[in-house]
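Notes to accompany the following structure.
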Amino acid sequence: MLTLLRLVIVSALILPTGTRSTALAPSCIKATTLIVGQSDDTICNENGNHLITKYQPEHTPRITTGQIDAGHNQNYDRRTLYALEVHTNNYWYCYKDGGPACYSQLNSVAMVSSNEGWAVGEGAIILHYLDGEWQTVLKPTHRTLESISMISPNDGWAVGYDYVLDKALTMHWDGSKWHEVNNPSSSNTSWGFLYSVSKVSSTDAWAVGLGEYDWNRQKWLGAIWHWNGTAWQTVDNPAEGYLFSMDMISSTDGWAVGHSGSQGNYAIILHWNGTTWQAVSSPTSNQINSVSMVSATDGWAVGAYGTILRWDGHSWQIVYSPTSVHLTTVKMVNANNGWAMGEYGKILHWNGNIWEVVSSPTGSWYGTLLSVAMSSSSDGLAVGTGGAILRWNGSQWVDINIPPVYWLNSVSMVTGSDGWAAGWNYSQWCTLFLRWNGTSWQPFNSTVTTSFIQSIAMISANDGWAIGWNYTTSTSDILRWNGTSWQTAYNPTPTKQLSSISILSANDIWIVGYDGTALHWDGNSWQIRSQGLPTDYFFNAISTLSANDGWAVGGRYSMPPNPTTVVHWNGILWQVIDPGTEGQLYSVATVSPNDVWASGDIEGIQTGSGWVGQGDFLHWDGTAWQRIANPTHWRFTSIRMLSSIDGWAVGDCTRDMHSRSTIAHWDGYIWWEFPSPTRQGLASVSMVSPNEGWAVGGSAILRFQGPVPKLQRLFLPAIMNNR
């Protein structure tokens, strides 16, 4: 797999807390020179063009300054030169056996005719439907496309955002290729998210989304852009919040809808009269997700909790809805024919008199249908989470592509041609085992069918272990691979939930779980070895280095914030080692007695929606645990260390509407983020070698093919006088 890179030189001066350099603070720092610690500088590329404005480290993790010396000290007294790679493709990529589900979801669909259509989604994937076949036109990157609008086979727009650069994204189809178009030239409009695009003509298109934060009003502002045939321009509007959908009837008539978000609790409805965008009263405070107009006097909008609104030419009115699930999309064919869709594969049809529920081929277990497009009353397409594609044939919606809904929790590789991934098959409601044969991941039929696998660890091609929770018996299972089948083994603590396995050898294996549970395999049987463990501890992970050296991490059964749980095995008993932090740890990896890593939600904060953890790393240096900078601040749920200078961590971020997976690499100096091609949270990573590895989570299967690019450094003498 070819990966293209462009080297960018970044000069970073690390400042102590509260210190600001006055000698090195130009209005635009050229040659991508970065002064770390300043939050309002503009970063430019080699040509002097704006690359990042109002730089915030948490928004640009690809330029990670983090921990850069062997002592992991956060106070630096030196200037550092980095050679940072800007990725034009991913080292980690969605493997084909994960299918479209790896891309998490298709966000939008548009039809040119009954024989041609387009779909876009996570990873900026673009699919083209032509004469009965779907083909991938643009493969996934670290971007997302939220909406697509086609005016002809040779003219169309797709919009979204780049969540690494935190900037809006617009792409145009000219009949032969998709190419990115520059954002509005104003420096404060590059940042943002575009959620919807609507075309009137080749010289008249609109896009809406979320724009900049207005510090004067202390509000996030809605973004509205207009294409005049030559360039995108920002347009003033009264929206304070998210604009999720728009539909233009003509150049002088159009609508946009959304919600205030956390800034309030009100719906946003805007109308374009040919001159200005004006706010229109909404009869509901619920979030409005989609709008579709039949004419200037007839239109529909749908949203949260089954909300359905109708425009009669004078006002928007609430209309009876046969569902309470969130509706995400609506598309009207004419005044007497329209469709609305949403969560759990819900499909509603408007027959001219009422909205009624229509049978969905997805089943109630399915996620969300996000977009519907109709070429006629007898032909349409719908797309949604998991890469699902449905087709309306005039009488019913049929499944074109609904991949199996997997939940992969763990992966363990034996060799480059032999490995296992395990979890739960939601489609068939049964235990899931996948086996890697060197070419593909294949489902493995197991006699164990009701166990939700939490962790799997392989010793060899003929020996391995897995643990899970049995939904039928409400007990935990310990399973063993004998080279032919998975068999249930004796479990001395069946009522305790088990979470993690660590294998030293065929005769020395550990399992940890909830209620302070620790089990040990001596080659003959599993025995309880919970000496020194309080029962109010629960353990998420274990990693052993030798018979006398092992670590387990987790949390406690108490209201947060609560002390982080870390315990050490010394060959006789477990000892509690206080890392001095609060929160929950999900993973631990040992390199040597003086080099151990752990990660999780550490020292969270209290928000309006509850307690939220802040992802970080902990490092054991043989004496104490120290907190180490995380390039993303999102939680990492799995760590695998190949050596003291080579390690990987994967995880997720589920705390905002832009949830996605996260991947980071340790090179001996810093953790730095790799772009992930999937939005699905990653639960486990297993490396075959420094140049080959796998990660899984949800229905996603990612493959890594190296080598890892190097961050070149040059440490220069200290130049600061105020240290």
Q) Is region 165-245 rounded, prolate or oblate when judged by the Cα gyration tensor, a ≥ b ≥ c being the square roots of its eigenvalues, rounded requiring a/c under 1.5 and prolate requiring a/b larger than b/c? A) prolate
Q | Neighbour-count order for ARG217, ARG391, fewest beta carbons within 10 angstrom listed first | A | ARG217, ARG391
Q: Would you mind calculating the gained length between ASN462 and ASP418 on full extension (0.36 nm times residue separation, minus the Cα-Cα distance), in nm to one decimal?
A: 14.8 nm
Q: Quickly work out the VAL398-to-GLN527 label distance, labels modelled 7 Å from Cα along the C-beta direction, and quote it in nm with one decimal.
A: 6.3
Q: List GLU133, GLU146 from most exposed to least, where exposure is judged by having the fewest other Cβ atoms within 10 Å.
A: GLU133, GLU146
Q) With labels modelled as points extended 7 Å from the Cα through the Cβ direction, what inter-label distance (nm, one decimal) is found for HIS349 paired with ILE645? A) 6.6
Q | For region 318-376 versus region 636-695, the gap between their alpha-carbon centres in whole angstrom | A | 38
Q: Starting from the exponent 0.38 and prefactor 2.2 Å, build the expected Rg for region 202-345 from its residue count and divide its actual Cα Rg by it.
A: 1.02
**Q.** Tail weight of P(r) past 16 Å, computed on alpha-carbon pairs of region 374-427, percent
**A.** 60
Q | P(r), alpha carbons of region 421-491 - 10 Å bins starting at zero, rounded % | A | 21, 57, 21, 1
Q: Could you tell me which of the pairs LYS199/LYS346; LYS199/LYS331; LYS167/LYS219 are separated by over 20 angstrom between their Cα atoms in the structure shown?
A: LYS199/LYS346
Q) Sorting ILE288, ILE269 on the 10 Å Cβ count, fewest up front, what's the list? A) ILE269, ILE288
Q) Going by a ≥ b ≥ c, the root eigenvalues of the Cα gyration tensor, does region 374-508 fall in the rounded group (a/c under 1.5), the prolate group (a/b larger than b/c) or the oblate group? A) prolate
Q. How much FRET efficiency would the formula 1/(1 + (r/R0)^6) give for LEU573 and TYR490, where r is the Cβ-Cβ distance and R0 is 30 Å, rounded to 0.05?
A. 0.80
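Values quoted throughout were computed directly from the atomic coordinates according to the rules given, and no laboratory measurement underlies them. Note that the structure is predicted; figures quoted are calculated from it, not measured. Heads up, the Cβs are rebuilt from the backbone with ideal geometry, glycines too, and the neighbour counts pull from every protein chain shown.
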